[in-house]
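In what follows, a structure is listed as structure tokens, so that the remarks can point back to it.
The values are calculated or read from the model by the stated rules, or taken from the named source; none is laboratory data. Note that the coordinates shown come from a computational prediction; the quantities given were computed from them, not determined experimentally. In this analysis, Cβ positions are derived from the backbone assuming ideal geometry, glycine residues included, and neighbour counts consider all displayed protein chains.
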Amino acid sequence: MQYQGVLKKMQTGLQDTVQYYLDFNNDVLNMNQLLNKSITISFEKYQCMSCAKDKQLYRQGFCKSCFYDAPQAGEWIMHPEKSTAHLGIEDRDLEFEKQAQLQPHIVYLALSSNIKVGVTRKKQVPTRWIDQGASKALPIVEVPNRYLAGIAEVALKNYVADKTNWRAMLKNEVPDEDLMAKKEELIGYLPEEIKEYTLAQEKEYVLNFPVEQYPVKLKSLNLTKTPEYTGVLKGIKGQYLIFEDQTVFNVRNNEGVVVSLSVN
């Protein structure tokens with residue numbers, strides 16, 4: 001069977017084992033059902049996630065002009081502490097920014113390669129942790145806007161990482177860490193205006209990914225350099241497809257790429 005469409009990050013569902021879905025416009029593939037099957041991915045063209053034009057992608061699925069103009073690519077996306085909608089100050093589109101920034105946000109600890117601190121909109125729980133390939137996650141605080149979450153994250157990343165080692169995550173080289181103990185240690189470092197939002201005892205989320213074989217050495221698939229690739233799918237973790245020959249493919253990093261996908 002063959003499918004074609006523009007890549008978007010895989011949709012997910014939290015069950016005993018995380019379920020993954022690839023949305024190809026008129027077709028939705030349950031990727032878990034493709035484990036142990038040979039699939040071919042072929043590059044077709046680009047389609048910017050904002051203007052939809054066939055233009056070379058620059059970052060985050062956007063062409064260069066849209067990356068610097070589209071409200072969905074504002075700097076506050078990657079740097080929540082730079083959010084200004086709570087002050088009524090526009091970055092690119094104030095109405096869009098109000099909708100995105102002025103809603104409950106969670107500051108959390110996640111264990112994907114090592115303990116890291118992060119920020120997500122409350123409605124993105126647990127999707128955000130699945131996308132990062134976290135085996136465990138624990139909310140720390142819930143705040144009413146993105147700015148407050150950002151300044152909390154900035155304070156805490158002086159004491160804990162704020163990035164995932166994606167290679168260790170994919171190899172499953174993850175130490176056993178006590179997130180609850182780390183939370184208690186970090187609470188004292190929160191800014192004073194954040195401490196009132198500290199969450200009481202929260203349950204620890206545990207995530208199980210559909211991986212039958214973890215890679216030992218990693219080869220990252222770049223469709224612009226290798227426009228057609230065939231491999232046997234052995235696992236899915238984070239937003240990565242893991243193949244039998246140690247090749248890994250980051251679906252999210254290829255948003256905006258139009259591909260053909262065939263199940264052999």
Among what's in the stretch 192-208 and is β-branched (Val, Ile, Thr) and farther than 22 Å from residue 132 by Cα, pick the residue that is surrounded by the fewest Cβ atoms within 10 Å (Cβ to Cβ). 198
Residue 164 vs. criteria assigned by TED's automatic domain parsing to the domain that holds residue 141, within 24 Å of residue 254 (Cα to Cα) and at pLDDT below 95: yes
Please work out which residue is nearest to residue 135 (Cα to Cα), limiting yourself to the stretch 221-241 and to residues that are part of a strand (DSSP E or B) and among the small types (Gly, Ala, Ser). 235
Hey, can you tell me all the residues within the stretch 213-225 that are surrounded by fewer than 13 Cβ atoms within 10 Å (Cβ to Cβ) and closer than 25 Å to residue 260 by Cα? 224, 225
What number of residues within the stretch 8-40 are more than 15 Å from the chain's Cα centre (by Cα), loosely packed, with under 15 Cβ neighbours inside 10 Å and not in a helix (DSSP H, G or I)? 11
Could you tell me which residue of the stretch 58-92 is surrounded by the most Cβ atoms within 10 Å (Cβ to Cβ), considering only residues that are of a type in the set (A, V, I, L, M) and farther than 15 Å from residue 120 by Cβ? 85
Within the stretch 93-114, how many residues turn out to be outside any helix (DSSP H, G or I) and buried (at least 20 other Cβ atoms within 10 Å of the Cβ)? 9
Answer with yes or no whether residue 181 is in a strand (DSSP E or B) and under 20 Å from residue 112 (Cβ atoms). no
Among the numbered conditions (1) under 30 Å from residue 186 (Cα atoms); (2) touching a Ser or Thr at 6+ places or on another chain (Cβ under 7 Å), tell me where residue 138 comes up short. (2)
Filter the stretch 115-128 for residues that are more than 15 Å from residue 156 (Cα to Cα) and of a type in the set (D, E, K, R); the one that is surrounded by the most Cβ atoms within 10 Å (Cβ to Cβ) is 128
